[in-house]
Amino acid sequence: MASSGERLVKSGPASGAVPTRSAVRNACPQPGRPEGTRRQIPRFVWALPPIALLSLFFLYPLALVVQQSVQPDTGGTSLQPYSDVFGSEAFREALGTTVWLAVGSTFGCLVLGFALALIIAFVPFPGGKAVARFIDVFLSFPSFLITLALLFIYGTKGMANGMWTDATGAAEGPFQFLTTPWGVLLAEITYFTPFVMRPLLAAFSQIDTAQLEVASSLGAKPGRIIRRVILPEALPALAAGGSLVLVMCLNEFGIVLFTGAKGVTTLPMLVYSKAILESDYPAACVVAVVNIAISVGLYSLYRVVSRRVGA
């Protein structure tokens, strides 16, 4: 009977070359190791580089903010900065302003986004597809760009006021709302509405048009079709888009800064004021920690809603 080495030689290439020692070792089963398997790198090893980068560039600075929030200027470690900030009138006003602006902007974006998405999805008109594509492009615009556009139109020296003063001879125009909380609200609704429209258009594309045709043939009016057929299908997308807009409005800084609204101080603006203008870093870090806690909670809600939408 031929030995295993002889069999390997006979089964080698037609050229008659003798297999190398490594080829013989790989061809023969190794004790304690299944044939045809290789030693694999543990999965947790692949997770170490991104975890290290995340810790270095995000978690470490965040930990420094939390650490600074419990280190008052007098030295040591204390919760006194939290007590001082929570007891201040400026913080309570900033928190209230942030919440009502975020809730009001989210409500406005939901109403306006739902109406515009309905028109784009179900009312045929020339250029409808181009408008839908423009919404995707609009999502990449910076927020201050929209604010500047509104200032050019409705600002104190904007086009609308200029046309009014030229026509009436008045010293100033009637549009003076951009420097008020209502101007911030208008700018945020204008900028964040496409973030609601995008998931709505995706949800509307999944609706079977046969349902709408059957409802219309049975005599249902457009309002009833929207309420009974379209709205139930759109509710998950509305919830996901609304949650995302709420999170972004809570953290919006550029719109409030560029409108120059007097007396409008949100939590991000308060962080800027405490850190840059007053050099009160412990108080700024306390406000930042509160803002982060609210944002993370709302973002977790957004992820839950988005997961259900995907399901």
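The values are calculated or read from the model by the stated rules, or taken from the named source; none is laboratory data. None of these values were measured; they are calculated from a predicted model. Don't worry about glycine lacking a Cβ; one is built from the backbone with ideal geometry, like all the others, and counts go over all protein chains shown.
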Query raised in the report: If we only count helices (runs of 4 or more DSSP H) wholly inside the range 218-277, which ones have 3 or more residues that are in contact with a helix residue (DSSP H, G or I) (Cβ under 6 Å, 6 or more places away or on another chain) and either free of Cβ contacts under 8 Å to residues at least 60 places away in the same chain or under 26 Å from Ile294 (Cα atoms) (or both)?
Result: 231-250, 254-259, 267-272
**Report entry** Subset of the range 200-221 [of a type in the set (S, T, N, Q), modelled with pLDDT under 80 and closer than 28 Å to Asp136 by Cβ]
**Finding:** Thr209, Gln211
Query raised in the report: Say we look at the range 62-102 and pick out the residues that are more than 25 Å from Val184 (Cα to Cα) and hydroxyl-bearing (Ser, Thr, Tyr); which of these is surrounded by the most Cβ atoms within 10 Å (Cβ to Cβ)?
Result: Ser69
Report task. Please determine, by comparing only the residues of the range 278-311 that are assigned to a helix (DSSP H, G or I) and among the hydroxyl-bearing types (Ser, Thr, Tyr), which one is surrounded by the fewest Cβ atoms within 10 Å (Cβ to Cβ). Result -> Ser300
Report task. State whether one or more residues within the range 28-40 are under 20 Å from Val289 (Cα atoms), surrounded by 10 or more Cβ atoms within 10 Å (Cβ to Cβ), charged (D, E, K, R) and modelled with pLDDT of 50 or more. Result -> no
Query raised in the report: What helices (runs of 4 or more DSSP H), lying completely within the range 123-185, carry at least 2 residues that are closer than 24 Å to Thr98 by Cα and either free of Cβ contacts under 8 Å to residues at least 60 places away in the same chain or more than 24 Å from the chain's Cα centre (by Cα) (or both)?
Result: 143-154
**Report entry** Residue match in the range 292-303 (condition: farther than 19 Å from Phe195 by Cβ and in contact (Cβ under 8 Å) with a residue 24 or more places away in the chain)
**Finding:** yes
Report summary line: Note on Val289: of the conditions (1) over 15 Å from the mean Cα position of the chain (by Cα); (2) under 21 Å from Leu185 (Cβ atoms); (3) touching a residue at least 24 places away in the same chain (Cβ under 8 Å), unmet is (2)
Query raised in the report: Only one residue in Leu8, Leu95, Leu56, Leu62 is at pLDDT below 80 and in contact with a helix residue (DSSP H, G or I) (Cβ under 9 Å, 6 or more places away or on another chain), so which one is that?
Result: Leu8
